[in-house]
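Heads up: the structure comes next, in structure tokens.
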Amino acid sequence: MHYGYLENSSQRWASSPSFHIYTMNRKILIAATLFCLFSFLTSIPYSIANQGRKATIKELTATTSETHLIVFGTLENSFTSEMVEILHSGIPLRFSFFINLYKTAKNWPDEQITAYNFQHIMTFDTLKESYRISLEEDNNKVLTFRSLFEAQKVINEINGAKVVELKQLIPDNLYKLTVRAELYQKTLPMNLHSILPFLSWWDVKTDTYSLEFKY
């Protein structure tokens, strides 16, 4: 009789609203977990392919204006499909550039003249379906584009960044300019850390590129 009572109790609980809510919540949790894992697995082929396309800085040049040493360069292979998805979800992309200038001499340690850092920030306006780019080195100038391709061209360019005033340079001396970029950083939402802990931090950085010249 006692065993039969337990069986009848479990049958009544299984037919209760609480049991169905519990079952539904379990199904939702399992579906959400499977979706996250599926999204990760489907992104693996792209990630593997992108490993052979390391972000680089090309066409690095330095010249002078009337008052400053200015630098030009272009980022290549800077975007991934994940970055575009994150951008379209409303999260800004921040490209950080780090420029250092050294005075060099044979058999003598390099002397740092200046360290100049700035950011390019891209946001996506979901209502206007347009891209906005803020250029910190150009007095935070803001440009707007309808095309992602055009916006990418601008965010990838170091276009005449003023590194140092010419009066700080000594004629007939050798100098070395170094440039690198950190293109993207993100953290996963806290509720995904336990599912994909090894993806909680990911970023894209270039190598450091050097340019030597005589002023």
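All of the numbers you see were taken from the coordinates with simple rules; none came from a lab. Values in this document were obtained by computation on a predicted structure and should not be read as measured data. Virtual Cβ from ideal backbone geometry, glycine too; neighbours counted across all protein chains shown.
Observations on the model:
- Model label sites at Ser81 and Glu66, defined 7 Å from Cα along the beta-carbon direction, differ in position by 5.1 nm.
- For Leu174, distant residues with modelled amide H under 5 Å away: Thr104
- When the P(r) of region 55-214 is calculated, the portion above 26 Å amounts to 37% of the C-alpha pairs.
- Compared with the alpha-carbon gap, the fully stretched path from Glu111 to Tyr209 is longer by 33.5 nm at 0.36 nm per residue.
- Separation in nanometres of the label points that stand 7 Å from Cα toward Cβ, at Arg132 and Lys167: 3.7
- Computed from backbone phi, the HN-Hα couplings of region 116-122 come to 10, 10, 7, 10, 10, 10, 10 Hz, rounded to whole numbers (Karplus: 6.51 cos²θ - 1.76 cosθ + 1.60, θ = phi - 60°; Gly and Pro given as x).
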